[in-house]
1. Scanning the range 59-72 for residues that are of a type in the set (A, V, I, L, M) and touching a helix residue (DSSP H, G or I) at 6+ places or on another chain (Cβ under 9 Å), which turns out surrounded by the fewest Cβ atoms within 10 Å (Cβ to Cβ)?
2. Return the residues of the range 59-71 that are farther than 14 Å from GLY31 by Cβ and either over 14 Å from the mean Cα position of the chain (by Cα) or of a type in the set (A, V, I, L, M) (or both); say none if nothing qualifies.
3. Criterion first (touching a residue at least 40 places away in the same chain (Cβ under 8 Å) and either exposed (fewer than 14 other Cβ atoms within 10 Å of the Cβ) or in a helix (DSSP H, G or I) (or both)) does VAL8 satisfy it?
4. Go through the range 34-58 and give me each residue that's of a type outside the set (A, V, I, L, M, F, W, C), more than 13 Å from the chain's Cα centre (by Cα) and surrounded by 13 or more Cβ atoms within 10 Å (Cβ to Cβ).
5. Considering only the range 38-70, how many residues are outside any helix (DSSP H, G or I), under 14 Å from LEU19 (Cα atoms) and either touching a Pro at 6+ places or on another chain (Cβ under 6 Å) or of a type in the set (S, T, N, Q) (or both)?
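Please treat every number below as a calculation from the coordinates, not as lab data. On a predicted model such as this, the values are computed, not experimentally measured, just so you know. Using ideal geometry, Cβ is built from the backbone for each residue, glycine included, and neighbour counts are taken over all protein chains shown.
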Amino acid sequence: MDLTVVEVANRCPLCGGALEIVEDRSYIWFGCRRCMRYVKREKRELARRYVDYASRRFDWRGLVSELYAVYLDGG
């Protein structure tokens, strides 16, 4: 299974570790490697909300903000 991992600037509120986005074939996982606490969302669902194909733009800030809010709420 091929995974892409990106560390983000947000920190885990539980342990202070770096949070990361992990992308596999179908899902985006967001969480803390140290705590092993992750939330996941379907890539298709996120693409509908954060990719504007007409202007060829990706709303990275919006995506990370949503994933962090879901992470704080516990999934």
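1. Filtering the range 59-72 down to residues of a type in the set (A, V, I, L, M) leaves 63-64, 67, 69-70, 72.
Restricting the remaining residues to those that are touching a helix residue (DSSP H, G or I) at 6+ places or on another chain (Cβ under 9 Å) gives 63, 67.
Details: LEU63: 19, LEU67: 22.
Applying the filter and picking the extreme gives LEU63.
2. Within the range 59-71, just LEU63 meets the criteria.
3. Working: touching a residue at least 40 places away in the same chain (Cβ under 8 Å): yes; either exposed (fewer than 14 other Cβ atoms within 10 Å of the Cβ) or in a helix (DSSP H, G or I) (or both): no.
So VAL8 fails the test.
4. ARG34
5. Taking the range 38-70 and keeping what is outside any helix (DSSP H, G or I), we get 38-42, 51-59.
Remaining after also requiring under 14 Å from LEU19 (Cα atoms): 38-40.
When the remaining residues are screened for being either touching a Pro at 6+ places or on another chain (Cβ under 6 Å) or of a type in the set (S, T, N, Q) (or both), the result is none.
The number of residues fulfilling the criteria is 0.
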